[in-house]
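Read the structure below first, then the notes.
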Amino acid sequence: MQIGILQTGRAPDALLDEWGDYPAMFARLLDGHGFTFRTWRVVDMEFPPDVHAADGWLLTGSRHGAYEDLPFIPPLEAFIREAYAEGVPMVGICFGHQIIAQALGGRVEKFAGGWSVGPTTYDIEGRPVTLNAWHQDQVTVPPPGATVIGRAPTCANAALAYGDRALTIQAHPEFSAGFLAGLMRTRGRGLVPNDRLDAAAAKLDTPLSDRAVADRIAAFFKAPRARAAAAAGA
């Protein structure tokens, strides 16, 4: 199964040699599940030819806001709506979570409570899940057709399910402790309040649920779909 990665942002240049860019992080996260990957850098206006160019789509995080007036956002939203209509499965992480919601009629805004940074425990599908967070924006109003399956005291819509068509998560299962430490060092100071950075740094050794979330993402992509089965038999 080929997963098309829609890259919506870039990791800091200073961290690329050690950690790679976002597509490499997702390839590591999902290693062992039998996927192949191809990346389109939509942030640079590089788009797939159509929504069937891959078997499923994974939308990455980004330093940009889904509501910003940027050239790549309108065509990305159009792509999301078409993939959703065609039943091609999508997974969105952080910005990907937000842009899917916005494209389908939800609302994304800066959270009045400020930034969430570092290991954060969510209730996802009735279980505690700890993942690294790095965001101030949130989905404040889910779109029609979305079910809230994850939440935290500081993030009411932390994970959304759209039937078998999309699965989205606000936190970052692909972010290791080492990468997050580098992100705080290269982008954090002056952007995120120092007290939140310091609190996150103090708990970077917290065990994460990244493997469990990787398994959940893989199972979502591999799940049989009536639309796909009908197309295969046509």
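The values are calculated or read from the model by the stated rules, or taken from the named source; none is laboratory data. For clarity, every value in this text was computed on a predicted model and none was experimentally measured. Neighbour counts are summed over all protein chains in view; Cβ atoms, including those assigned to glycine, are modelled from backbone coordinates with ideal geometry.
Summary table below
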read-out	value
Some residue of region 68-90 being touching a helix residue (DSSP H, G or I) at 6+ places or on another chain (Cβ under 9 Å) and assigned to a strand (DSSP E or B)	yes
Number of the exception - A78 against (1) more than 27 Å from P224 (Cβ to Cβ); (2) among the small types (G, A, S); (3) under 16 Å from the mean Cα position of the chain (by Cα); (4) at pLDDT 95 or above	(3)
Sole exception among (1) closer than 17 Å to G65 by Cα; (2) of a type in the set (A, V, I, L, M); (3) in contact with a strand residue (DSSP E or B) (Cβ under 6 Å, 6 or more places away or on another chain) for L191, by number	(3)
Number of the condition not met by F111 [criteria: (1) within 17 Å of D210 (Cα to Cα); (2) modelled with pLDDT under 95]	(1)
Members of region 147-187 that are of a type in the set (G, A, S), under 19 Å from R81 (Cα atoms) and surrounded by fewer than 22 Cβ atoms within 10 Å (Cβ to Cβ)	A161, G163
Filter result for A54 (part of a helix (DSSP H, G or I) and touching a strand residue (DSSP E or B) at 6+ places or on another chain (Cβ under 8 Å))	no
Residue within region 36-47 that is in a helix (DSSP H, G or I), in contact (Cβ under 8 Å) with a residue 24 or more places away in the chain and either hydroxyl-bearing (S, T, Y) or surrounded by 15 or more Cβ atoms within 10 Å (Cβ to Cβ) (or both) present	yes
Only one of G34, G4, G96 that is at pLDDT 95 or above and on the phi > 0 side of the Ramachandran plot	G34
Any hit, region 97-111, residues being surrounded by fewer than 20 Cβ atoms within 10 Å (Cβ to Cβ), without any contact (Cβ under 8 Å) to a residue 40 or more places away in the chain, hydrophobic (A, V, I, L, M, F, W, C) and not in a strand (DSSP E or B)	no
